[in-house]
Amino acid sequence: MNRSEAKSAPLRVLVATPLGRGGQGGIDRLNDLIFDAVERSPELNLSLRRLVLRGQGNILLSPFFTLSGLIRLGMAGLTGRVDLLHVHLSVRGSTYRKLILAALARRMRLPYVVHIHGSRFDTFWIEAGPRLARAIDRLLVSSAAVIVLGDYWATFVAEHAPKAASRIVVLPNATAMSSARRRRGNDKVHIVFLGALGERKGTPQLIAALGNMADRPDWTATIAGNGAVEDSREAVARLGIADRVAIPGWLDPDAVRGLIEGADVFVLPSFAENLPMSVLEAMACGTAVVATPVGAIPDVIVDGSNGLLVPPGDVDALTKAIRKLLDDPDLRQRLGEAALETHRERYNIEGYVVRLAAIWRRAAGRVANGRAG
């Protein structure tokens, strides 16, 4: 290959992802957006392929997907068909799978980027035994770049893996812009939650807050997602609000899009998050958001400016915030418009892939220049 051909060759990136295209969960939703945006942007000169390591379906099949991914990575490395490995990292099984994958990449002297997602990755790492903690430290220190989703996570990783501090890059999640715009003057305000129903996401507190407003006829709600679906339905029934709180379970991507686009208020009262895709998707529609200041959410939502923040677990504060938005359509409109502008400026997938491509190119060049550990 001559020099001009080498210059025009695309950067070939293998992206390790849990479930693959259309998979449930934020990592796969983000990956689908990245792949689609890169396909729309040939000027980025990237060639992306997925390595599915967990697979859709029964968790017992996970080892077979992991083995297949390792074989594919090994073959790509041996035949010179990959320039960089991108590793999406969460907790528990995700961490163990990525430790094995990164070890193989190091043996092949293939640079890799670690992209930290798990909402409880901090507590998982802190509570890990010494052996696992050392393995995580090596994973990060030996990487060409460590992508985190916000300032909290940048500080946390730097404190727990100081030798990796120079490799940390803050790159918040992103979503596509939406053509949907908020309605005004509807008879009933539609309150929406999307996520894994249960304690971590604060759905018991949300249901309790809705119960506090049972006397008001001016709202309906949809609480969608997997997890504690039956428990949530029973709680809603006990409070006498089952006639206007829908709990449909998990929804496919088209139904999720329609649900978010039809929301007047989006509520995510979580106890632990990294940077939830659902909040960004709601902002992309110009929807007023009520959330908790956990993980990277405070980097995105400024209380009273482009959304409302309430303390985790505080049912009274959550009730008060929702009531405020029910009572004041102008406030809903103002917060939604500010959220839309924030998304347009900072969390649009088209700008995201440009920044990601630059990180990938620096990461590949860094190892080639001998600057990675």
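The values are calculated or read from the model by the stated rules, or taken from the named source; none is laboratory data. All values reported here derive from a predicted model rather than from experimental measurement. Using ideal geometry, Cβ is built from the backbone for each residue, glycine included, and neighbour counts are taken over all protein chains shown. These area figures cover heavy atoms from the full protein model, side chains too; ligands, DNA and RNA do not enter into them. Shrake-Rupley method; radii C 1.70, N 1.55, O 1.52, S 1.80 Å.
Once the piece of chain linking PHE271 and SER8 is laid out straight, how much longer is it, given 0.36 nm per residue of separation minus the C-alpha distance between them?
Contour length minus Cα-Cα distance gives 90.0 nm.
All other residues with a Cβ under 13 Å from the Cβ of ARG81 taken together, and with Lys, Arg as +1 and Asp, Glu as -1, what is their net charge?
Working: positive: ARG12, ARG49, ARG72; negative: ASP83.
Surrounding charge for ARG81 is +2.
Aspartates and glutamates near LYS320 by alpha-carbon distance under 20 Å, same-chain residues fewer than 8 away left out - which ones?
ASP215, ASP218, ASP264, ASP303, ASP328, ASP330
If I fit a long axis through the Cα atoms of helix 62-78 and take the longest principal axis of the Cα atoms of the chain, what angle between them do I get, 0 to 90°, rounded to 10?
It works out to around 40 degrees.
Search the structure for amide H atoms under 5 Å from the amide H of VAL52, placed 1.01 Å from N in the peptide plane, and list their residues when 5 or more places away or on another chain.
Answer set, sorted by chain and number: THR17.
Run the 1.4 Å probe and let me know the accessible area of ASP231, rounded to the nearest 10 Å².
Roll a 1.4 Å probe over it and ASP231 shows about 100 Å².
Take segment 228-373, compute every pairwise Cα distance, and split them into 5 Å bins from 0; I just need the percent in each bin.
Here the calculated profile for segment 228-373 is 2, 9, 14, 17, 19, 14, 9, 6, 5, 3, 2, 1, 0.
Please say if segment 287-334 is rounded, prolate or oblate, where rounded means a/c under 1.5 for a ≥ b ≥ c the square roots of the C-alpha gyration tensor eigenvalues, and otherwise the choice is prolate for a/b larger than b/c and oblate otherwise?
oblate
For LEU67 and TYR96 in the same chain, what is the full-extension length gain: residue separation times 0.36 nm, less their Cα-Cα distance, in nm?
9.2 nm
I'd like the distance separating the alpha-carbon centroids of segment 198-254 and segment 53-120, in whole Å.
Value for the Cα centre distance between the two parts: 37 Å.
At 222 nm, what helix-only mean residue ellipticity would the chain give, in deg cm²/dmol to the nearest 500, using -39500 (n - 2.57) for each DSSP H run of four or more?
Values: 15 runs with 173 residues, N = 373.
That calculation yields -14000 deg cm²/dmol at 222 nm.
Just to confirm the number: angle between the C-alpha axis of helix 203-212 and the first principal axis of the chain, 0 to 90 degrees, nearest 10?
20 degrees
For the chain, set up a Gaussian network in which alpha carbons nearer than 10 Å are linked by springs, and say which option among ALA224, ALA282, ALA358 fluctuates the most.
Highest fluctuation of the listed residues: ALA358.
Leaving ligands and nucleic acids out of the surface, order THR287, THR342 by accessible area at 1.4 Å, largest first.
Result of the area sort, largest leading: THR342, THR287.
So for segment 152-283, averaging the separation of alpha carbon pairs under 8 Å that are six or more residues apart and normalising by length, what relative contact order in percent results?
It comes to 33 percent, rounded to a whole number.
Please build a GNM for the chain, connecting alpha carbons under 10 Å apart, and tell me which residue among ALA103, ALA176, ALA288 fluctuates the most.
The residue with the greatest mean-square fluctuation here is ALA103.
Once you sort the root eigenvalues of the Cα gyration tensor of segment 178-248 as a ≥ b ≥ c, which label holds: rounded (a/c under 1.5), prolate (a/b larger than b/c) or oblate (the other case)? Walk me through the intermediate numbers first.
On the way: a/c = 2.26, a/b = 1.27, b/c = 1.78.
Cα axes put segment 178-248 in the oblate bin.
Among LEU132, LEU325, LEU85, which one moves the most in a GNM of the chain with springs linking Cα atoms closer than 10 Å?
It is LEU132.
Rounded, prolate or oblate, given the Cα gyration tensor of segment 15-111, with a/c below 1.5 counting as rounded?
In terms of gyration-tensor shape, oblate.
In the chain, once you exclude exposed trypsin sites (Lys or Arg not before Pro) (DSSP loop, at most 14 other Cβ within 10 angstrom), what's the longest stretch remaining?
By the stated rule (loop sites, at most 14 other Cβ atoms within 10 Å), 189-370.
With a 1.4 Å probe and all protein chains left in place, how much accessible area per residue does segment 234-373 have, in Å²?
Values: 5540 Å² over 140 residues.
On a per-residue basis, 40 Å².
Could you work out how far apart the two model spin labels at ALA214 and ASP252 are, taking each label as a point 7 Å from the Cα in the direction of the beta carbon, and quote it in nm?
It works out to 3.6 nm between the two label points.
Over every pair of different alpha-carbon atoms in the chain, take the mean of 1/r and invert it; report that Kirkwood radius in Å.
Final number for the Kirkwood radius of the chain is 21.7 Å.
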